[in-house]
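The values are calculated or read from the model by the stated rules, or taken from the named source; none is laboratory data. Since we're looking at a predicted model, the values are computed, not measured. We place every Cβ from the backbone using ideal geometry, glycine too, and count neighbours over all the protein chains shown. Side chains are part of the model used for accessible areas, which takes the heavy atoms of the whole protein and leaves out ligands, DNA and RNA. Shrake-Rupley method; radii C 1.70, N 1.55, O 1.52, S 1.80 Å.
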2 protein chains.
Amino acid sequence: MEKTKFLLDESQIPRSWYNLAADLPGLPLAPTLSSVTGKPLTRDEMAATMPEPIADQELSTERDIEIPEPVRQLYAQWRPSPLYRARRLERALDTPARIYYKYEGVAPSGSHKPNTGIPQAFYNKEAGKTGLITETGAGQWGSATALSAALFGLTAKVFMVKVSFQQKPYRRALMESYGTVCVPSPSPETAVGRAILAADPDSPGSLGIATSEALETAAADPSLGYVLGSSANHVLLHQTVIGQEALLQMALADDYPDVIVGCAGGGSNLAGLTFPFLGAQLRGGPKVRVLAVEPAACPTLTRGSIAYDYADTGRLGPLFRMHTLGHEFMPPPVHAGGLRAHGMGPMVSRAVEDKLIEPIAVGQTSCFEAGVQFNRTEGILPAPESTHAIRGAIDEALRCRAEGRSRTILFGLSGHGHFDLVAYEKYFAGNLEDEAVSEEQLDRAAASIPRQPGAAS
Amino acid sequence: MEKTKFLLDESQIPRSWYNLAADLPGLPLAPTLSSVTGKPLTRDEMAATMPEPIADQELSTERDIEIPEPVRQLYAQWRPSPLYRARRLERALDTPARIYYKYEGVAPSGSHKPNTGIPQAFYNKEAGKTGLITETGAGQWGSATALSAALFGLTAKVFMVKVSFQQKPYRRALMESYGTVCVPSPSPETAVGRAILAADPDSPGSLGIATSEALETAAADPSLGYVLGSSANHVLLHQTVIGQEALLQMALADDYPDVIVGCAGGGSNLAGLTFPFLGAQLRGGPKVRVLAVEPAACPTLTRGSIAYDYADTGRLGPLFRMHTLGHEFMPPPVHAGGLRAHGMGPMVSRAVEDKLIEPIAVGQTSCFEAGVQFNRTEGILPAPESTHAIRGAIDEALRCRAEGRSRTILFGLSGHGHFDLVAYEKYFAGNLEDEAVSEEQLDRAAASIPRQPGAAS
């Protein structure tokens, strides 16, 4: 039999998360600033709004951070996730490239997000919280929160960007099946939501607005823990189980990637897959080219500025130094998938600044086209988010064909598209368009980036 | 770490399918009758409508039938499937029982159906067909056909029971994503469909009608191969990879089932899981109690007759000796899941006659309740079909608690519910009801069972 699937044993689930901060050359990561004082947030200030172990992880520069056994136990429900060689896709592309993909859709909620949902639920439960509060864009993170809360016997409430809430009724239904309450955002439940609805009753919502609503709700009730699905250092950290497993699996395949491709929204899936490889490179291992593929409708890395900015529209949370389009940015409503954050995870931004990661932006119709080709050869319907990585990987493989050169390409298949069939229907009906974001839209959003976020900037 | 997942290596994918016909005590299986002659179908008559290897499998009494390597290669995409110990469910039920489940939702289309879709596509491609034709009820089989056709570069057309086509738009969208054409049945495309529409333009359709439409379409074009998703001997045979793997996995768990529970529509998932265990029992191995759980809305095993009947409403196909409600039976439209066949697979019927399998019928609301409890403890949203097995397993576990007795329960989790969220939404909204089928309805449908199907009956 041709080897197409590389599996690991449960005992090979990583025992620690990998922290790129330990291996970054040069200056330490820029600190996160308090929105109140404008100064770097201290560990104790952080621990006032999140469980202590998470605050410690957020600030840590240790290379390896131990994974608690109850978290590994739940990881074992679906981890280690499989790594596949895409031989049928290779043949369809007639490419000399070897293409591999690490598949995170085997998680019960269908994406990589429970890798951080489970530990965040664990730490919040340990800290005595009885419920979780969060925001979600297209719904992958909300579903992961719903799953994680259910497994720890916690309640959950998810503020979901209204346009996605309307476009993706089955994401909401999935969350509800786990017992979670899902609220379209902006909502009348919070001061932030009411203010936005007063100004624009038809606001489609944005991840920044939903984040403000979640933060406001959590701040008002000490029994609730705010959890988040991307960008933050501890979230990226939790996702590194992906890349650590992939390193072992590439060794099983007796191969090593020349190029790794990931889709990028807030950066957690990209970081999870690539940081362990980048860490190996920084410690003297093989050099790997890392491609971050983002949607042209939300071009944070390719057209944003590096600056201190808020992660939320209501400016309730702290300021991060990151690639940002401005916290008032909203992707055009035609954009069907996730990857809709205005700001990138600070650690990913830093890796882009350090030229460890190369960003590109692609239009959604070419991504769906790649996703359909993948589905019809490999058999797995990809999430619209993941099609960005597939597009990038196929283009690399076609370049190999044009150059008559073999390369090893690894990409992250971050989730399946079972809850995204409305978007596929639109694509097949020819009703999905690419909308380039105009310079004017970008300028308007960029004006929301604070000029003087604090002394430390 | 507590052991909750039992995995096998790719090399342990079975090399042959297991045929219960080799081990059945007493008389051989009753033959299938030609609808033209009323006499047993010969091997050559069968081979006129299906690839020769499938005709041979349909009639075989060999115990082990070799799986072609290209089929095993594609099985390897998701097989061996995992077997789980449901420890969190056990704790929630406070039961001394040990509960295991074999999970087939890891297949790319989300159910056990590709286990037979892949070999049927393979044999049809080998026989020179360029496309596949079939019917589907709730959509699991149609999706599996779509996947299997795509992987072999075949076209596919699926006649989908109209009420399901309307209730489950995302099943259709999934099929289309693989390049399959999905047609609501009854349709104006066939003589059978046109006749039914003329009599009742609002006909909700039935599996029997869709089957007739598929058979008529395939008969009119020799380049197309008719494939089917349940009931037939060769289909049950292909599914036995499930139970063969489960035997190895129960050994890994150092345990053996006292009870095995499966949901039953046409019987393929039930047979696939249980026949290898029943075969072991018939050859002198441990005795196992097998429960077939069917919907009260389609009570084939519990309220049907054993008789020769057609599998299709239009009487185009042959006659099978089986439990049947009559080929004009239609489940009440409130029934949300699959398991809507009026007739049971002849081999399963025989095993029920031989007291190897014990049938029970349950209402759908209690099944959804069990499914939600399972989802919130084990984290996996089950297909409505599979919730019947979960209901049966939970009831057995509760009986263990009441009796203060530990038993080992294994059930088949035949698929996930990602495409069934409309039904879950209805359930949560309190809009899902149980509809018992009245004696009068049963009598009316039973009148369609032929009195004298042929000399052999």
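Results, tabulated for the structure shown:
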{"item": "Members of region B:109-127 found to be open to solvent by 20 Å² or more (accessible area, probe 1.4 Å) and either without any contact (Cβ under 8 Å) to a residue 60 or more places away in the chain or under 13 Å from B:GLY142 (Cα atoms) (or both), listed by number", "result": "B:LYS113, B:PHE122, B:LYS125"}
{"item": "Residue pairs meeting the criteria (Cβ under 6 Å; at least 6 apart or on separate chains; first at positive phi, in region B:210-237; second modelled with pLDDT of 95 or more and among the small types (Gly, Ala, Ser))", "result": "B:SER231/B:GLY345"}
{"item": "Of all residues making up region B:319-370, the number that are assigned to a loop (DSSP other than H, G, I, E, B), modelled with pLDDT of 95 or more and within 22 Å of B:GLY193 (Cα to Cα)", "result": "2"}
{"item": "Flag if A:ARG405 is open to solvent by 10 Å² or more (accessible area, probe 1.4 Å), more than 14 Å from every other protein chain (Cβ to nearest Cβ) and not acidic (Asp, Glu)", "result": "yes"}
{"item": "Any pair with Cβ under 7 angstrom, 6 or more apart, that starts in region A:129-143 at a residue that is in contact (Cβ under 8 Å) with a residue 60 or more places away in the chain and ends at one that is in a strand (DSSP E or B) and among the aromatic types (Phe, Trp, Tyr)", "result": "A:ILE133/A:TYR226; A:THR134/A:TYR226; A:GLU135/A:PHE159"}
{"item": "Test for A:ILE133: is it more than 26 Å from B:PRO82 (Cβ to Cβ) and either touching a helix residue (DSSP H, G or I) at 6+ places or on another chain (Cβ under 6 Å) or of a type in the set (Lys, Arg) (or both)", "result": "yes"}
{"item": "Test set (1) touching a Phe, Trp or Tyr at 6+ places or on another chain (Cβ under 8 Å); (2) modelled with pLDDT of 95 or more - A:ALA173 fails condition number", "result": "(2)"}
{"item": "Failed condition for B:PRO169, given (1) surrounded by fewer than 19 Cβ atoms within 10 Å (Cβ to Cβ); (2) more than 25 Å from B:HIS418 (Cα to Cα)", "result": "(2)"}
{"item": "Lone unmet requirement of (1) under 22 Å from the mean Cα position of the chain (by Cα); (2) at pLDDT below 95 for B:SER35", "result": "(1)"}
{"item": "Boolean, B:PRO14 is open to solvent by 20 Å² or more (accessible area, probe 1.4 Å) and at pLDDT 95 or above", "result": "no"}
{"item": "Subset of region A:238-256 [closer than 21 Å to A:GLY345 by Cβ, open to solvent by less than 10 Å² (accessible area, probe 1.4 Å) and of a type outside the set (D, E, K, R)]", "result": "A:HIS238, A:GLN239, A:THR240, A:VAL241, A:ILE242, A:GLY243, A:ALA246"}
{"item": "Flag for B:ILE54 being crowded, with 16+ Cβ neighbours inside 10 Å, within 14 Å of chain A (Cβ to nearest Cβ), more than 30 Å from A:ARG15 (Cβ to Cβ) and within 22 Å of the chain's Cα centre (by Cα)", "result": "no"}
{"item": "Positions within region B:373-386 being out of contact with any strand residue (DSSP E or B) (no Cβ under 9 Å at 6 or more places or on another chain) and within 7 Å of another protein chain (Cβ to nearest Cβ), in sequence order", "result": "B:ARG376, B:GLY379"}
